[in-house]
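Below you'll find the structure, written out as structure tokens, and then a few comments.
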Amino acid sequence: MVPEYAQERNPTFAPGEVVQIVIAWVALSLALSVADIEGLLSGTGSPDYIAAAFIATGTGFVLHEMGHKFAAMGRGYIAHFKIWTWGIALVLVIAIVSQGQFIFGAPGAVYIAPATGLLSYGYASTQRSEKRDNAVISAAGPGTNLAFALLFLFLIFFLPTNGFWSTVASYGFILNVGLGSFNMLPIPPMDGHKIFKGSIPLGLLIALPLWAMFVFLFLLP
């Protein structure tokens, strides 16, 4: 646990950070709902699908990044979200060109750095492992995706098929499986690279169910 005076030097949200999170969330949500927006403008779509896209990205992207952020802060690091201007542009351009069939790119990420005077916060050097810290912090993101993917999968089976919340569940399941599976690839700079490097069992625990759901969703006929 980080002492009170340490938290004062490492505020939960930096100035302008919440605004950047919202911008990234809106950009990714619009990218996910390109086809739905076009349908709404032409009079054939429903705002329910756009709302579902915003909720889905809230769980799949925003809470993924917040998982990284709060896991890092809980271990005594400074962690703040920053948008990538070119990443946002890439997300939107690819979504428009593909009519929302393909979403690729990252509108932003959490930047992490050791807090100044870390040892004075009660973290003795013999108790710390950068590899273990990186694995735990990295796992918090795709771990969040896995948790929401399983939750939405449960809801898909038990909710009425034509309701608003079933649409939310479908969007949320697809997005969390897609983002989580991609991030668990054991190659840099993906989260999976740091997770598998720090703990292979932890990596497999998160990756295998996500990859299995990805295969079921996107690769099987």
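Computed from the coordinates by the stated procedures, all read-outs in this text should not be read as laboratory data. Quick caveat, the model's predicted, so the values are computed rather than measured. Note that each Cβ is placed from the backbone with ideal geometry, even for glycine, and that neighbours are counted across all protein chains shown.
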Arrange MET73, MET190 by Cβ neighbour counts within 10 Å, fewest through most, would you? MET190, MET73
Lysine pairs, Cα distance under 16 Å, 8 or more residues apart or cross-chain: how many in segment 4-214? 4
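To make sure I understand, if each residue's beta carbon is the centre and we count other beta carbons within 10 Å, what order do HIS68, HIS193 fall in, fewest to most? Could the numbers behind the result be given before it?
Working: HIS68 24, HIS193 18.
Ranked by crowding around the Cβ, least crowded first: HIS193, HIS68.
Using 0.36 nm times the number of residues separating ARG132 and VAL93, minus their current alpha carbon distance, what extension gain do you get?
Details: separation 39, 0.36 × 39 = 14.04 nm, distance 3.71 nm.
That works out to 10.3 nm of additional length.
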In order through segment 52-67: 3J(HN,Hα) via Karplus (6.51 cos²θ - 1.76 cosθ + 1.60), integer Hz, x for Gly, Pro: 5, 5, 5, 5, 4, 6, x, 7, x, 10, 4, 6, 4, 5, 5, x
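Ratio to report: Rg/Rh of the chain, with Cα atoms as the point set and Rh obtained by the Kirkwood method; give two decimals. Let's see the in-between values first.
Numbers: Rg = 18.6 Å, Rh = 18.4 Å.
Reported Rg/Rh, Kirkwood definition of Rh: 1.01.
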Amide H of MET184: which non-local residues (sequence gap of 5 or more, or other chain) have their own amide H closer than 5 Å, using H built in the peptide plane? GLY192
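How big is the charge dipole of segment 4-214 about its Cα centre, in debye rounded to the nearest 20, if each Lys and Arg gets +1 on its Cβ and each Asp and Glu gets -1 on its Cβ? Could the numbers behind the result be given before it?
On the way: 9 positive and 10 negative charges, 130 e Å.
The dipole magnitude comes to about 620 debye.
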Using the count of nearby Cβ atoms within 10 Å as a rough guide to exposure, how do GLU17, GLU65 rank from fewest to most? GLU17, GLU65
Within the set of other residues whose C-beta is less than 14 Å from the C-beta of ILE200, count the net charge using Lys and Arg as +1 and Asp and Glu as -1. +4
